[in-house]
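Written out below as structure tokens is the structure these notes cover.
The values are calculated or read from the model by the stated rules, or taken from the named source; none is laboratory data. Computed from a predicted model, the values in this text were never measured in an experiment. Positions of Cβ are generated from backbone atoms using ideal geometry, with glycine treated the same way; all protein chains shown enter the neighbour counts. These accessible areas exclude ligands, DNA and RNA; they are computed on the full protein's heavy atoms, side chains included. Shrake-Rupley method; radii C 1.70, N 1.55, O 1.52, S 1.80 Å.
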Amino acid sequence: MVLRSMSKSNLIYLGVTAILLILPFILTGRSVQFMITQIFIFAIFAMSYDLLLGYTGIISFGHAMFFGIGAYTTAIFMDRFDASFGALLLAIVVSVLFAGIVSFIVGVLTLRLKSHFYAMLTLAFAGLFLVAAEKWRSLTKGNDGFTIKVPELIRDSTTLYIVSLICLVLIFFGLRRLTNSPFGRVLVAIRENENRTESLGFKVLHYKVLVSIVAGVVASFAGVLYMLSLRFVNTSVFHTDMTIDVLLMTIIGGVGTLVGPILGAALIELAHHWISGLANVHWVFERWIILYGTVYILVVIFFPLGIVGTLRQKFAGRSKKKVTIEEKAS
């Protein structure tokens with residue numbers, strides 16, 4: 001009865017989840033498990049960005065700030081205290097709270113501005129955190145970074161794989177519920193026409209600040225998982241490259257879909273791995289950013305709404321044509 005009440009999409013998602021749960025017991029290589037774990041982590045990061053760009057129409061160039069906050073806060077806690085599971089849980093709570101506070105402050109200060117001014121200010125805030133991480137060497141070890149010990153429970157690559165997958169699934173369904181709620185519909189209305197939404201009586205700034213807090217918290221949690229997978233952290237987690245990567249993941253997969261960023265994360269991480277692995281074949285593969293840019297241009301040309309968005313539009317168009325034909329026939 002439970003399965004019958006579920007929609008087809010939910011059954012597909014649960015089926016894919018079941019396959020991914022079995023996968024680490026088939027692919028026992030640590031390098032493969034690590035790569036797929038990275039896909040899960042960046043998929044969570046990309047979904048958090050999709051809340052801003054895809055559902056609310058907010059362009060941020062400093063989203064890596066929250067990713068870095070999650071990674072560094074947890075790493076510092078684990079470095080200063082013992083590598084116990086209790087210390088890890090405390091570190092995660094502090095990381096999430098810190099990211100929520102920072103996202104609230106940044107949102108209140110900047111979200112009153114128009115999109116391009118907001119985007120540049122978020123870049124400036126991210127730059128401040130990057131400079132702080134580079135200069136406060138007594139705490140962050142600067143560009144050199146530092147390694148940490150993690151609880152024995154998640155030292156095994158298979159365990160971390162399963163934990164990351166479960167987190168991805170829970171966050172996906174949680175964000176899906178959020179975006180399908182009345183709150184999510186207001187966010188879409190803000191994206192489509194902010195002035196009209198405000199004229200209807202909705203406090204647009206409040207909604208923007210709230211969604212930025214949710215996005216910042218989810219991004220910080222992705223940073224926690226990223227740090228746990230590498231067991232190392234340095235200032236690269238605050239670099240603009242991180243934001244650009246997650247922006248491309250969201251656009252390539254399809255903005256405003258949640259599934260799209262997951263697909264985009266998988267494609268980009270696999271492309272990184274595959275292209276870097278071909279560096280010994282020909283020198284052109286050492287300039288992987290050129291090929292990366294070429295793939296991005298082709299995807300934008302042939303999939304203007306992203307892969308998932310374009311496919312949804314095509315299927316929706318076909319279903320409408322089918323309904324029209326059936327109505328005419330009747």
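Can you give me the % of accessible surface on the chain that is carbon or sulfur? Probe 1.4 Å, all protein chains present, nothing else counted.
69
Just reorder Ser84, Ser229 by solvent-accessible area, largest first, 1.4 Å probe, all chains present.
Solvent-accessible surface, decreasing: Ser84, Ser229.
Apply the Karplus curve 6.51 cos²θ - 1.76 cosθ + 1.60, θ = phi - 60°, to the phi angles in segment 232-238 and return the couplings in whole Hz, x for Gly and Pro.
For segment 232-238, the Karplus-derived couplings read 7, 9, 8, 5, 4, 5, 9 Hz, x marking Gly and Pro.
Springs between alpha-carbon pairs under 10 angstrom, Gaussian network model over the chain: which of Ile19, Ile59, Ile69 fluctuates most?
Ile19
Please tell me the relative contact order of segment 32-166 in percent, rounded to the nearest whole number, where contacts are Cα pairs under 8 Å and at least six residues apart.
Values: 108 pairs, mean separation 48.6, N = 135.
Answer for segment 32-166 is 36 percent.
Could you list, in their original order, any pairs among Lys114/Lys203; Lys114/Lys208; Lys8/Lys208 whose Cα atoms are separated by more than 22 Å?
Exceeds cut-off: Lys8/Lys208.
Evaluate E = 1/(1 + (r/R0)^6) for Leu298 and Asn193, where r is the Cβ-Cβ distance and R0 equals 35 Å; express this FRET efficiency to the nearest 0.05. Display every interim value, and only then the final one.
Values: r = 32 Å, r/R0 = 0.91.
Calculated value: 0.65.
What length, rounded to one decimal in nm, is gained on full extension from Ala18 through to Ile166, with 0.36 nm per residue of separation minus their alpha-carbon distance?
Length gained between Ala18 and Ile166: 52.2 nm.
Considering only C-alpha atoms, what is the centroid distance from segment 213-233 to segment 120-190, in Å?
Here the answer is 3 Å between Cα centres.
When the solvent-accessible surface of protein heavy atoms is calculated with a 1.4 angstrom probe, in what order do Phe98, Phe173, Phe302, Phe42 fall, highest first?
Ranked from most to least accessible, the order is Phe302, Phe98, Phe173, Phe42.
Express the accessible area of the chain per residue in Å², computed with a 1.4 Å probe while the remaining protein chains stay in the model.
I get 53 Å² per residue for the chain.
Apply 1/(1 + (r/R0)^6) to the Cβ-Cβ distance of Val108 and Ala271, taking R0 = 41 Å, and write down the FRET efficiency to the nearest 0.05.
0.65
Using a Förster radius of 22 Å, what is the FRET efficiency between Met35 and Leu89 based on their Cβ-Cβ separation? Nearest 0.05, please.
Efficiency computed from Cβ-Cβ geometry: 0.25.
Could you check which residue among Thr56, Thr310, Thr257 shows the biggest mean-square fluctuation in a GNM of the chain with a 10 Å Cα cutoff?
Thr310
Helix-only mean residue ellipticity at 222 nm, the chain, DSSP H runs n ≥ 4 weighted -39,500 (n - 2.57), per residue, nearest 500. What is it?
-25500 deg cm²/dmol
Taking +1 at the Cβ of each Lys and Arg and -1 at the Cβ of each Asp and Glu, which of Gly223, Gly127, Thr294 sits farthest along the dipole of the chain towards its positive end, judged by Cα position relative to the Cα centre?
Thr294
Taking Cα pairs under 8 Å and at least six residues apart, what relative contact order does the chain come out at, in percent?
Relative contact order here is 30 percent.
With every atom except the alpha carbons ignored, what do you get for Rg and Dmax of the chain, in angstroms?
Reported Rg and Dmax, both Å: 20.8, 77.
Lys314: which aspartates and glutamates have alpha carbons under 18 Å from its alpha carbon, excluding same-chain residues fewer than 8 sequence positions away?
Result set, ordered by chain and number: empty.
Can you tell me which of Ala132, Ala99, Ala219 moves the most in a GNM of the chain? Springs connect C-alpha atoms under 10 Å apart.
Checking each option, the largest mean-square fluctuation is seen for Ala132.
Going from most exposed to least, what order do His239, His63, His116 have by accessible area with a 1.4 Å probe?
His116, His239, His63
Name the helices (complete DSSP H segments) of the chain with a Cα length along the long axis of 18 Å or more and a Kyte-Doolittle mean of at least 1.6, or state none.
On the way: long enough: 8-26 (27 Å, 1.77); 30-50 (29 Å, 1.06); 64-80 (24 Å, 0.89); 85-110 (37 Å, 2.62); 115-135 (30 Å, 1.19); 157-179 (32 Å, 1.67); 204-230 (39 Å, 1.86); 240-253 (20 Å, 1.40); 259-277 (27 Å, 1.06); 288-302 (21 Å, 2.43); 306-329 (34 Å, -0.62).
What comes out of the filter, once short or polar helices are dropped, is 8-26, 85-110, 157-179, 204-230, 288-302.
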